Amino acid sequence: MSRKLATTVALLLMGAVSSFAPMTSVPSSSQRIEDRIRPFCSTTIKNSDDDEDSSGMFDGTENMDGNWMKKSTSIDFMPSEMQNSKDDSTYMDVGINGKTFGIGDLSRRMHEALMVVASKQFPSGIPEELGDVYLLYSMDASAKEAVKVAMDSNGYTLNLGDDESMQDEGAWGQIESVTFVDSETGDIIKGEDGSTSYESFTDAIAKGGWEPGDGFSFVVREVPSRKKAMDLEALLRALDPDGTLWDEAKEKGMLLPGDDICSLKDLATDCVQRVNSAPTEAKDEFNVYRGGTSMGYNVIQRSSLLKARRNPDGSENKKTLLHVMDSLANHGCIIVDLTDEGKSPEVAETMSGMWDATESFFKQVIEGDAANTVPAMGPAEGVGSSHAMVGYASFKDGDNQFLETRISRTDGSLLPKETSSVIGDEGAKSMVDAFNIMSEVGKDIVRIATAASSDEAGAFVTVGSVVSQDDDSPSIAGLSFEEATVSGVMDEDTQPSDEDIARASILASEAATLLTEEIMDDGKPLPESANIAHDEGQVSMSPHRICRYSNGQGSKRKAKPSEIFGAHTDTTFVTIVPAAAVSGLEVYDEDSLQWYRPELNARKHAKSVDPKGEMDSKFPWHSRYLVVMPGELLQITSRNNIPASVHRVVAAPEIPRLSAPVLLRARPGTKMDVERYMGSLDKAGSLLLETNDMKMEDIHAALQSTA
């Protein structure tokens, strides 16, 4: 079978693999593998000239009946996909015992899942020529999962990159010495041709008659891997076996691995610890991480986020929901195309006007007297919070320059008023218009993420919530919920019906919509119809900040990219950063454990949509995109499903970076009403319960205490 055919089949079957879940995350199968393997110390990894080590399951020697791992002595095998690429791998040889790892059972489950999908793909019958393809895929994928677990146990990870072809049989290592084994006893079994060993999985299938469920052992050489950084929990176990340091850390208020975030203090502490643990070194555009191939890295269309794009019953669209949650929870941000791939260019034209105003302001700061025209940064009047600032500030010898603006709630104008005298009335209007565009996108994303988290928690599920035609109250057979329970029509252990669950999804979206309209400060006054207590003041709590970052001036200019605005999290629902012409925003990717530069991903998308640059005459490519990052308030309303994004700014040595983020915060004077916005208090958890009935400015202040 050709590699191209294997890749094609793998892609066709991606639905089966994803619905079956990655094997390492299926408790009923791969968890059993991990349970069979005790963690072993990385010192059991051996170079080829090392002596045998009998201290662990993986002893570093090539015992064909056991499990072993050692560094490859030479790189004789190198897939063509990797020959001309930057390679930071350590190559390992690995021996896997089929009985120990339960590979037979894994392969059976994998094959069964593939057959379910294949039967739908080919309803009239699976083509005969694909039979061996499915067998090979099952055998190879099961073997690779065993190798992943083996490497993970010894502090390594399989390093295949994002290239789909690297997932093919033969592309991730050189298979040899395949033997069939009894899954119960581990005894070697002869194949159909009488052989006890095969040089490839293809031979094991074609000559030996391997079938899914048959146990097998094997050796794989030249497996690309990389050393994993020891996680904090493992490090503490190694350094503190009796728990003394652990106890001291707890006394000092540190949040340790495995601890739940149960309070605002815990949340603040966790954010500080994640910020402090992020690396500080910076890379240039050619070497920085630009994102992978999972859904969460994909650009989402603006229209997909609209309330109008929800399901007909009012629940959130599942595809959009999964995209938003994957992006925010795993990668720390989501990229939004405001134009829907060029179908709505007028939005980009508005954003382009904002960029013109931003460039004009800083040009006049450098060449003129703008820095003295607008007031110095200070507390805004009419907000009632010391955290609400407006005005101009310069730091680090002029490398960081900011103008903090806000929207006047009374007339929708831009503050400070003096800004208009620098960028003109049209420039000020473009700033306000851009703020409104960004705030609406942010509100939609918060709605989706909050609704998804409430839905997942079952926060709005009420058993028997079929609504009577005569009454808006929940009823069953004409009885109220309480009456039905007392009368015996329903008992308290009755499970919710599909209708109950569907209704809960609708309510979760409606409640999350209320939160975005009432609690999030979009610069507009609350409508008179809003039936909540509030004292929002005359100025928005959510700033629109325009920034200029440079990497040193004159003789002080740094030769390499550097962190110019350090890692931090924001006390916001979301922070919305318009993609800039000069990349520099970096988000710490919780999935890949490295700094991710989303603006480069947006640039790639722009080139794929408009390869000839035909839109550039109307507006710059970057005015089409927003990068939206979750803040600490969204971590609360998402029930800790979405961590506040750790992010920073890196400045290049050549060109200053302009930026214009909007930080969507909470409306002053409003309170967190958990039942109103996020459902049952019984499903709330201790963090949400602490915030219940708190003023939003008090929540904001509590999150600053540890920073």
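Ordered from highest to lowest accessible area with the whole protein assembly present and a 1.4 Å probe, Arg503, Arg290, Arg406, Arg274 read as Arg290, Arg503, Arg274, Arg406. Once the convex hull of all Cα atoms in the stretch 358-451 is built, its volume per residue stands at 134 Å³. Shape class of the stretch 283-354 from the Cα gyration tensor (axes a ≥ b ≥ c, square roots of the eigenvalues): oblate, since a/c reaches 1.5 or more and a/b does not exceed b/c. Each peptide in 644-655, 693-704 was scored by the mean count of other Cβ atoms within 10 Å over its residues; highest first, the order is 644-655, 693-704.
Put Asp93, Asp203, Asp498 in order of accessible area, largest first, 1.4 Å probe: what do you get?
Values: Asp93 10, Asp203 45, Asp498 125 Å².
Listed by decreasing accessible area, they come as Asp498, Asp203, Asp93.
Extension gain for the segment Phe122 to Glu346, taken as residue separation times 0.36 nm less the Cα-Cα distance, is 76.1 nm to one decimal. Site pair Ser562 and Ala376 shows an inter-label distance of 2.6 nm when each label is modelled 7 Å from Cα along Cα→Cβ. Stretching Asp591 away from Val272 to a fully extended chain increases their span by 112.9 nm, per 0.36 nm per residue minus the current alpha-carbon distance. For the listed residue pairs Lys417/Lys612; Lys343/Lys396; Lys144/Lys443; Lys144/Lys190; Lys417/Lys618, the alpha carbons are over 32 angstrom apart in Lys417/Lys612; Lys343/Lys396; Lys144/Lys443. In the assembled protein chains, Arg639 presents an accessible area of approximately 40 Å² (probe radius 1.4 Å). In this rough spin-label picture, where each label sits 7 Å from Cα along the Cβ direction, the Asp698-Lys307 distance is 2.9 nm.
Hey, which of these cross-link pairs are over 25 Å Cα-Cα: Lys70/Lys228; Lys283/Lys363; Lys227/Lys318; Lys71/Lys228; Lys307/Lys695?
Numbers: Lys70/Lys228 16 Å; Lys283/Lys363 28 Å; Lys227/Lys318 37 Å; Lys71/Lys228 15 Å; Lys307/Lys695 27 Å.
Pairs exceeding the cut-off: Lys283/Lys363; Lys227/Lys318; Lys307/Lys695.
Looking at the P(r) of the stretch 531-669, how many percent of alpha-carbon pairs lie beyond 20 Å?
Values: 5358 of 9591 pairs.
Value for the stretch 531-669: 56 percent of Cα pairs lie more than 20 Å apart.
Shape call for the stretch 275-422 from the C-alpha gyration tensor, a ≥ b ≥ c root eigenvalues: rounded (a/c under 1.5), prolate (a/b greater than b/c) or oblate? Note, shape of the stretch 275-422 comes out prolate.
Across the stretch 256-316, counting alpha-carbon atoms alone, Rg and Dmax equal 18.7, 49 Å. Projected label points at Thr410 and Glu426, each 7 Å from Cα along the beta carbon direction, are separated by 2.9 nanometres.
Compare Phe218, Phe395 by solvent-accessible area with a 1.4 Å probe and give them largest first, with all protein chains kept in place. Provide the component values of the computation, followed by the final result.
Values: Phe218 5, Phe395 105 Å².
Output order, biggest surface exposure first: Phe395, Phe218.
Shape of the stretch 597-670 from its Cα gyration tensor (a ≥ b ≥ c, root eigenvalues): rounded if a/c is under 1.5, otherwise prolate when a/b > b/c, or oblate? Prolate.
The values are calculated or read from the model by the stated rules, or taken from the named source; none is laboratory data. Since we're looking at a predicted model, the values are computed, not measured. Please note: Cβ atoms are built from the backbone with ideal geometry, for glycine as well, and neighbour counts cover all protein chains shown. These area figures cover heavy atoms from the full protein model, side chains too; ligands, DNA and RNA do not enter into them. Shrake-Rupley method; radii C 1.70, N 1.55, O 1.52, S 1.80 Å.
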